[in-house]
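The values are calculated or read from the model by the stated rules, or taken from the named source; none is laboratory data. If you're wondering where the values come from, they're calculated on a predicted model, not measured in any experiment. No Cβ is skipped: glycine too gets one built from the backbone with ideal geometry, and neighbour counts run over all protein chains shown.
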Amino acid sequence: MASSRWWLLVQAVFWRFLMRIGMFIHHTSSPRSPRRSFVRSIPMGSSRIDLYFYCPPDYAQELKEGHKFPVVVNFHGGGFTLGCPSDDSRWAQCVLAEVDAVVVSVGYRRAPEHPFPAAVDDGVRAIQYLSAHAVELGLDVSRMALSGFSAGGNLAVTVPLRLRSLMYQESRDPWFDRSGSTEQLVDASASDVNIVALFCWYPILDFEEPREHRRAMSLMPDKTLPEFFTNLFDEAYLPDHEERRSPYASPVRATDALLADALPHDIFLYICEWDMLLNEGQQFVRRLQDINKHVRAMMIEKVPHAWDKSPNPWRDQEQVNILYRDACADMKAIFNA
């Protein structure tokens, strides 16, 4: 087992290096993506959670005048194994321009060094931190939206589930006993926080269904993520296969009552036609609608998973931005309601 985890780490470090090269090209191609405004770090044992803040141009002046900005907490993708909080800076740029909100991108701890439930716990901790420091940061945490891409889309759903269970101190929850928190989550109330919407881009929602089956059921199996990637992601983040049934890993396994209580009324899912995650996304949409959530689902035609993160410098970024701006229009309407 130790050798296996060591080999997973070697693979993860290798692909992280290559991904950084790809994301460098993604960010520097015209128009350039913005740099973060500042960083806050939360100690977590021997590691830490980095929060990348992207702020509107008038943030400093408005902060002095006591203005409070709505906040978008974002979770990056990468199979819980790769990626970093700057990956979604083009999405942050659109939110700043269209919504006038502060974007906080969470640098949660990655697997295999920190397997489940570390990433979910880090998302909860980030929300608690923003609640505790809302005044000094000029944040209106009663107007909070969560967004995420791929693995981050999973966290945008599972973090509210985990937070809700902590708030109600559900010690009888078997999944808390089974997986255990990597850190003791104190001050779990975050009582001022009101999550008003979720924006999930091509999220993984079910770790229990075999990847082989999902790949075979895809419209374009040859355009799905390759097996060496999905094996790395799944084994690094969830080495205990029993934990893949946890609602904090696979939200499709959550009860209707938990989904109804923990998730906001407004939920937006953007799923890719050539993605192996298409079917589970569509099924989750129908389930949320059955419990009276207001769900807007969009299938993005003829694109694979993570189509918006292409390192191709000649990609059509404007086509991506059209969808980003569409999502931001909905976000702005909810914040201003």
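Can you confirm whether the range 29-42 contains a residue that is hydrophobic (A, V, I, L, M, F, W, C) and over 15 Å from D87 (Cα atoms)?
Yes; the residues of the range 29-42 include at least one that is hydrophobic (A, V, I, L, M, F, W, C) and over 15 Å from D87 (Cα atoms).
For the range 130-161, how many residues meet the condition of being part of a helix (DSSP H, G or I) and of a type in the set (S, T, Y)?
Matching residues across the range 130-161 total 2.
Tally up the residues in the range 308-337 that are among the basic types (K, R) and touching a Cys at 6+ places or on another chain (Cβ under 9 Å), please.
1
For a quick check of your reading of the model, give me the residue pairs whose first member lies in the range 48-64 and is farther than 19 Å from S105 by Cβ, whose second is in a loop (DSSP other than H, G, I, E, B) and at pLDDT below 95, with beta-carbon atoms closer than 9 Å and at least 6 apart or on different chains.
Listed pairs, sorted by first residue: D58/H67; D58/D100; Q61/H67.
Please go through the range 64-82 and pick out each residue that is at pLDDT below 95 and touching a helix residue (DSSP H, G or I) at 6+ places or on another chain (Cβ under 9 Å).
H67, the sole residue that qualifies.
What residue, among those in the range 305-323 that are touching a helix residue (DSSP H, G or I) at 6+ places or on another chain (Cβ under 9 Å) and part of a loop (DSSP other than H, G, I, E, B), is nearest to Y202 (Cα to Cα)?
Top of the filtered list is H305.
When you scan the range 255-302, how many residues do you find that are in a loop (DSSP other than H, G, I, E, B), among the aliphatic types (A, V, I, L, M) and crowded, with 20+ Cβ neighbours inside 10 Å?
Selection size over the range 255-302: 3.
For the range 225-270: of the residues being among the β-branched types (V, I, T) and within 30 Å of H294 (Cβ to Cβ), which is farthest from the chain's Cα centre (by Cα)?
Checked the range 225-270; the qualifying residue farthest from the chain's Cα centre (by Cα) is T255.
So, of the residues in the range 164-218 that are modelled with pLDDT of 85 or more and basic (K, R), which turns out to be farthest from E235 (Cα to Cα)?
The extreme case among them is R164.
Scan the range 234-284 residue by residue and report those that are closer than 20 Å to R162 by Cβ, among the hydrophobic types (A, V, I, L, M, F, W, C) and in contact with a Phe, Trp or Tyr (Cβ under 8 Å, 6 or more places away or on another chain).
A236, L238, A249, V252, L269
What single numbered condition from (1) surrounded by fewer than 24 Cβ atoms within 10 Å (Cβ to Cβ); (2) farther than 27 Å from P239 by Cα; (3) not aromatic (F, W, Y) fails to hold for P112?
Looking at each condition in turn, P112 falls short on (2).
Taking the condition touching a Pro at 6+ places or on another chain (Cβ under 6 Å) and surrounded by 12 or more Cβ atoms within 10 Å (Cβ to Cβ), does Q93 pass?
yes
Taking the range 215-233 only, how many residues are in contact with a helix residue (DSSP H, G or I) (Cβ under 7 Å, 6 or more places away or on another chain), buried (at least 20 other Cβ atoms within 10 Å of the Cβ) and in a helix (DSSP H, G or I)?
Looking only at that region, the number is 1.
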